[in-house]
1. Quick one: is TYR20 of a type outside the set (A, V, I, L, M) and open to solvent by less than 70 Å² (accessible area, probe 1.4 Å)?
2. Right, THR35: over 14 Å from the mean Cα position of the chain (by Cα), farther than 26 Å from LYS99 by Cβ, β-branched (Val, Ile, Thr) and surrounded by fewer than 16 Cβ atoms within 10 Å (Cβ to Cβ) or not?
3. Determine, yes or no, whether MET114 is under 14 Å from the mean Cα position of the chain (by Cα) and either closer than 24 Å to VAL31 by Cα or open to solvent by 30 Å² or more (accessible area, probe 1.4 Å) (or both).
4. Could you check region 66-106 and list, in sequence order, the residues that are in contact with a Pro (Cβ under 7 Å, 6 or more places away or on another chain) and open to solvent by less than 50 Å² (accessible area, probe 1.4 Å)?
5. Count, please, the residues in region 62-78 that happen to be under 25 Å from THR106 (Cα atoms) and of a type in the set (A, V, I, L, M).
6. Which residue pairs have Cβ atoms under 7 Å apart, sit 6 or more places apart or on different chains, and have a first residue in region 85-97 that is farther than 15 Å from GLY124 by Cα and a second that is outside any helix (DSSP H, G or I) and open to solvent by 30 Å² or more (accessible area, probe 1.4 Å)?
7. Are any residues in region 12-27 out of contact with any helix residue (DSSP H, G or I) (no Cβ under 8 Å at 6 or more places or on another chain) and either in a helix (DSSP H, G or I) or among the small types (Gly, Ala, Ser) (or both), and if so, which ones?
8. Might you let me know whether region 61-73 holds any residue that is farther than 18 Å from ALA11 by Cα and among the hydrophobic types (A, V, I, L, M, F, W, C)?
Amino acid sequence: MAKDTTVQNIADNRKARHDYFIEETYEAGIVLTGTEIKSVRRSHVQLRGSYARVINDEIWLYDAHISPYEESGAYFNHDPMRPRKLLLHRREINKLKQKIATKGLTLVPTRLYMVGRRAKVELGIAQGKKLYDKRASIADRDAKRQIERVMKSRGRDE
């Protein structure tokens with residue numbers, strides 16, 4: 001029986017790419033309860049403002065909001081903002097721990113997606129941008145957009 005390897009994007013943290021320089025990314029599994037995975041499959045996830053930390057040689061995801069599942073009772077539901085354990089190999093955790101010890105680096109989730117039946121989080125080792133860096137990236141994006149508009153209109157004229 002063949003494995004299902006279809007990738008379904010659930011949530012993107014676009015704010016992370018605006019606020020940080022993403023140097024390197026890692027794929028991590030995430031430990032979820034039954035009602036959480038049902039909410040994730042319905043794309044009721046918000047990653048804005050979330051971050052990850054290494055605590056006791058384990059990686060935990062904080063401030064990721066997974067909405068309560070509407071069709072289960074209030075008693076069986078989960079806390080939407082609870083810390084969630086991330087699953088990585090020991091070597092990867094040790095490597096992340098060393099890199100985060102460097103001043104100014106942090107772990108930021110950039111997206112949450114499904115690979116087959118499993119939920120995965122893409123973690124980025126990030127360094128914060130200064131205000132002038134953010135302005136420069138906005139100016140670059142606007143310039144690219146303007147060039148594409150000109151090239152598109154040129155193609156119509158000919």
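The values are calculated or read from the model by the stated rules, or taken from the named source; none is laboratory data. Here the structure is a predicted model, which is why all the values come from computation and not from measurement. Note that each Cβ is placed from the backbone with ideal geometry, even for glycine, and that neighbours are counted across all protein chains shown. Keep in mind that these areas ignore ligands, DNA and RNA; they rest on the heavy atoms of the full protein, side chains included. Shrake-Rupley method; radii C 1.70, N 1.55, O 1.52, S 1.80 Å.
1. So TYR20 does not fit the description; no.
2. Spelling it out, it is not the case that THR35 is over 14 Å from the mean Cα position of the chain (by Cα), farther than 26 Å from LYS99 by Cβ, β-branched (Val, Ile, Thr) and surrounded by fewer than 16 Cβ atoms within 10 Å (Cβ to Cβ).
3. Judged against the criteria, MET114 is a match.
4. ILE66, SER67, ASN77, HIS78, PRO80
5. Here the count works out to 2.
6. So the pair list comes out as LYS85/VAL31; LYS85/GLU58; LYS85/TRP60.
7. ARG14, LYS15, ALA16, ARG17 - these are the residues of region 12-27 that are out of contact with any helix residue (DSSP H, G or I) (no Cβ under 8 Å at 6 or more places or on another chain) and either in a helix (DSSP H, G or I) or among the small types (Gly, Ala, Ser) (or both).
8. Within region 61-73, none of the residues are farther than 18 Å from ALA11 by Cα and among the hydrophobic types (A, V, I, L, M, F, W, C).
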